[in-house]
Amino acid sequence: MQRFHLRTPSFAWWAIQTPIPAMYNFKNTTEVRDLPPEGELAGLVDPLWLSPLEEDTSGLGVLATRTINHYPVREFTFANGRVRYLQEDDPRWLVVESHYRGESMQSTYELTRDDAGVWQMVLAEETSP
C-alpha cells in the first residue's frame with residue numbers, strides 16, 4: 001500500500017515495485033479539500049457558522065471525492081486534477097485511503113505554493129488502523 005501513497009522507503013524501492021501489476025487489488029479513494037481535515041479544525045471553525053443551513057457537516061471543506069483504481073496520489077501528481085484544483089493560490093489537502101483484505105492506510109498531503117509559485121506536496125498526516 002505504501003507504493004500507492006508514495007510512501008515507500010526510497011525511490012529505488014518504488015521503481016522496483018512499479019512493474020508488479022496491482023491495478024485492481026485495492027480500493028483507493030481520494031478526497032480533495034480546501035480546508036484541513038476536521039481533526040485539524042476542531043475548535044477553530046464552527047461548521048454551522050460556515051454553512052448554517054447544512055444538516056450534514058461531514059463534508060466541510062470537501063471539494064471532490066473519487067475512487068481510483070491505482071495510484072490515487074495521481075489526483076495531484078499529474079493529469080487534469082492539477083488543472084481543476086490548483087488554479088488558485090489557496091492551499092489544498094489530499095486525503096488518500098486504501099483498503100485491501102482487511103488492511104487499510106490513510107495519508108493526508110498538504111499542497112501549498114512556495115514563494116516562486118511552485119506547488120509543494122508534503123505528507124501532513126498518516127494513519128494505519
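For the pair residue 101 and residue 115, the difference between a 0.36 nm per residue extended length and the Cα-Cα distance amounts to 0.7 nm. Phi-derived couplings, Karplus 6.51 cos²θ - 1.76 cosθ + 1.60 at θ = phi - 60°, listed residue by residue for segment 93-98: 10, 10, 9, 10, 10, 10 Hz, with x used for Gly and Pro.
Note on residue 18 and residue 83: the model spin-label points, each 7 Å out from Cα along the C-beta direction, lie 2.4 nm apart. Surface calculation, 1.4 Å probe, protein heavy atoms: residue 76 sits at approximately 0 Å² accessible.
The values are calculated or read from the model by the stated rules, or taken from the named source; none is laboratory data. In this text the structure is predicted, and so the values were computed from the model without any measurement. When we count neighbours, we look across all protein chains shown, and the Cβ atoms used for this are built from the backbone with ideal geometry, even at glycine. These area figures cover heavy atoms from the full protein model, side chains too; ligands, DNA and RNA do not enter into them. Shrake-Rupley method; radii C 1.70, N 1.55, O 1.52, S 1.80 Å.
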